[in-house]
Amino acid sequence: MKRLYWGTSLLSLLWTMNVQAAEVYVREIEVNGLNRVENETVMAYLDIPAGKTVSEEKLNESLKQLYATGLFEDVAFNVTPDGTLMINVMESPVINQVLFDGNSKVDAQMLETEVQLKARASFSKAKVQEDVQRILEVYKRTGRYAVVVEPKIIKRENNTVDLIYEIDEGPLASIDKINFIGNSHYSSSDLEAEIMSKESRWYRIFSSSENYDAEKINYDKELLRRFYLRHGYADFRVSSAVAELSADKSSFVLTYVLEEGPRYKISEIEIISELSGVETPMVQDVVLLEEGDWYDAEKAEKSVLAITEELGQKGFAFVDVEPELVRDTPNGTLKLVFRIKEGERVFVNRINITGNERTDDDVIRREMRLDEGDAFNASKIKASRRNIENLNYFSKVDIQTEPTNDANQADVNVKVEEKSTGYFNVGVGYSTVNGALVRTGITENNFQGRGQQLGLDVGVSQRAQDYNLSFTEPYFMGRPLSAGIDLFHSSEDYQDEGSYDTKSTGGRLRFGWNYTDDLSQYLRYTLRQDKIDNVANDASIYIKQEEGDYVGSIIGQTLVYDKLDSQINPREGYYLSLGTDVAGAGGDEKFGRIDAKAYHYFTIADYYTFKLFFNGGIIESFDDQNVRLMNRYFLGGYNMRGFEYGGIGARDRYTDDALGGNWMIYTGAEMSFPMGLDELGIRGRTFVDVGMLGKPDDINSQIVEYSSTPRVATGVGLTWQSPMGNISVDFAVPVVKEDYDKTEVFRLNFGTNL
């Protein structure tokens, strides 16, 4: 006589036997303990035929298969002396409902899509633990690493249970510190300004830049690479980027290890054509770099695209342009070679865009340098990716090509991941001119997913208030032409300078376009009502004459040539602008105005940045009236250090009121230098300012003091990129001045834009 027992309980599989033989005869199979599960379901998982002899190994495998279904908490096999296989089971409870408690930051629907266990499924402790890990991963992707998930089971009638995941979400994992290792040419504060990740600060409460995101770190590496390659560091690479999680899982320390390498100047530019019919002179003029320039990878890529497009217009559709660098590392120079080859004869079949749930397809398509039906070109694909990334609407942009059934055609698949494009700004500060100030605003850079910009800005200080509402369409009428409208109102207290207050209310229409990447032009039409009021009884007679309301109808334009390496913190390059305005097409004011600006930056030894600057303007009336007070130039304060605002120029001898002037020149030189405090964002500077201000029309010299001789001031200062914003302090001493000028030795500006 023989008897076999196989049993399993929960995660362990136990079997016992009291047999001498390796096989057993199974006459019939009987299942006990079923309530919900059908007998046929159990039999379907068994590989044991009744009325035959089976091996113990086969019985053991069947038991495991039955337990692995998750339908049962316990399974046991027992063969009776008469050959009956008794299968005793304990059914797993059925899940009545799956609930999430405490999840305020992650939607329950998202969690439901991640977990395996659903309502009406069989309960399994193993799958519960797997689902806990899935929930933890969801929260990690949202930046919450301190999350705690505790599963709870509530037993109900009829062997059913409620499964509840109690979630303590914890705080967002912020970035406590960002370290850069190996950066000898640029300070850590300079590099942090270039990347998306930012150190946690109290004033970034409305920004996500301080929250840790693994994908953001990868993008930071790319941003650092682009930054260095734009500035001549052709060998730069990020050797590692490490994120260390704190013990309490609430913050990270990021460390970027950099290998800057030498900085290269271009010693020679060569174009080599391997394509029949293409000669070098055909494309020489479209290259954006010149010999003697610092190497700029971005301009090299744009030159590749320009060569490709130029040849495309000349009938060469299948062109592949490869830039090559021949380095002379000891001398810090390189030879830039553009090699023109014949590209693959493949056409673009379809451009498929996915991931843009909010942004219109057209906003992305207009940034593509390829259209459906065009000859495929790798350089245009790269330029398209850069253009879409520069929109700053997406956290990730991926462009891949996919073959079609036609060997001469390929699909271009553009996959994007959208990010928040709205910003809420809060500013607080203090200056020696305006006193305490508060500024707040809200901006949406992708309004209604159409790439439009809508902004509202409000500023209030002790002496001024201004309100601005603006809207910009970057592709007006489907063309690369920006169009916008501004509505504004401002008021300012000039009692200290001129014994009066001003108000200005109006609107502005504007258009802008680019001739090249560096050359752009802007047109504008402004209609405004200006008002001078609260004129003091003892104010100058020239100010009393202007009390009242005036309407201005002004048409203007500005031509800009921008070769700066950075708009935020320029170190190399130059900037030129020329603006003209004409008032008189309606309104009370009739004048013509010309304004010019020129800035030149150059850096020595990677640390000492020199700035040469010039600002000049002239305004003339078209009728017998004087140029009104609100349209004149004032010199001093922010545009002439060492002097008070309006401290230079014509001044009433008796009331001491500043009257401004009809022309202005402000020029000088400045050098910024390190103070050993670059880690804190502090740099020093020394400067020389020179200014001249012309007198208003029809001024009686017996009443007004005036001299157009140059004023000169020199001084030192520092700029601190503090956690609360930029703080600038200047100490300036007038070297050349008039006795009646108003001087200002110390000047402080403090503010932040969060």
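The values are calculated or read from the model by the stated rules, or taken from the named source; none is laboratory data. Just so we're clear, the structure is a prediction, and the values are computed from it rather than from any experiment. FYI the Cβ positions are ideal-geometry reconstructions off the backbone, even for glycines, and counts take in every protein chain you see. Note: accessible area is taken over every heavy atom of the protein model, side chains too, but ligands, DNA and RNA are not part of it. Shrake-Rupley method; radii C 1.70, N 1.55, O 1.52, S 1.80 Å.
A compact table of results
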{"read-out": "Where region 614-696 is the region considered: accessible area per residue in Å², 1.4 Å probe", "value": "38 Å²"}
{"read-out": "Amide H within-cut-off set for Ala173, under 5 Å, with H built and near neighbours excluded", "value": "Arg144, Tyr145, Tyr212"}
{"read-out": "Equivalent ellipsoid, region 148-272 (semi-axes from 5 times Cα gyration tensor eigenvalues, Å)", "value": "46, 17, 12"}
{"read-out": "Accessible area (Å², per residue) of region 117-233, counting only protein heavy atoms and a probe of 1.4 Å", "value": "49 Å²"}
{"read-out": "Sequence-distant residues sharing a close amide H with Ala121 (under 5 Å, placed H)", "value": "Ile95"}
{"read-out": "Eligible aspartates and glutamates near Lys335 by straight Cα distance, threshold 13 Å, same-chain separation 8 or greater", "value": "Glu268, Glu270, Glu290, Glu291, Asp293, Asp296, Glu324"}
{"read-out": "Total formal charge among the other residues, if their Cβ is under 15 angstrom from that of Val729, Lys/Arg +1 and Asp/Glu -1", "value": "+1"}
{"read-out": "Above-threshold pairs, the threshold being 22 Å between Cα atoms, out of Lys177/Lys249; Lys221/Lys341; Lys302/Lys382; Lys118/Lys396", "value": "Lys221/Lys341; Lys118/Lys396"}
{"read-out": "Rounded if a/c under 1.5, otherwise prolate or oblate - region 33-152, Cα gyration tensor axes", "value": "prolate"}
{"read-out": "Cβ-based net charge around Phe643, under 11 Å, with every Lys or Arg adding one and every Asp or Glu removing one", "value": "0"}
{"read-out": "Packing-based ranking, highest mean first, of 300-307, 102-109 given that Cβ atoms within 10 Å are counted", "value": "300-307, 102-109"}
{"read-out": "Which labelled figure in (1) 12, 33, 29, 16, 7, 3, 0; (2) 16, 47, 31, 5, 0; (3) 14, 44, 36, 5, 0 is P(r) over Cα pairs in 20 Å bins from 0, in percent, once derived from the coordinates", "value": "(1)"}
{"read-out": "Angle in degrees between helix 56-68 and the longest Cα principal axis of the chain, rounded to the nearest 10", "value": "40 degrees"}
{"read-out": "Carbon and sulfur %, accessible surface of the chain computed with the full protein complex present, 1.4 Å", "value": "51 percent"}
{"read-out": "Integer Hz, Karplus 6.51/-1.76/1.60 couplings in order for region 125-131, x for Gly and Pro", "value": "5, 5, 6, 4, 5, 5, 5"}
{"read-out": "Rounded to whole Hz, the Karplus (6.51, -1.76, 1.60) HN-Hα couplings of region 388-394, x for glycine and proline", "value": "5, 4, 5, 4, 6, 9, 10"}
{"read-out": "Estimated vicinal HN-Hα couplings, Hz - region 39-49 in sequence order (Karplus 6.51, -1.76, 1.60; Gly, Pro = x)", "value": "4, 5, 5, 5, 4, 5, 8, 8, 10, 10, x"}
{"read-out": "5 angstrom amide H check on Asn356, placed H, neighbours 5+ away", "value": "Val416"}
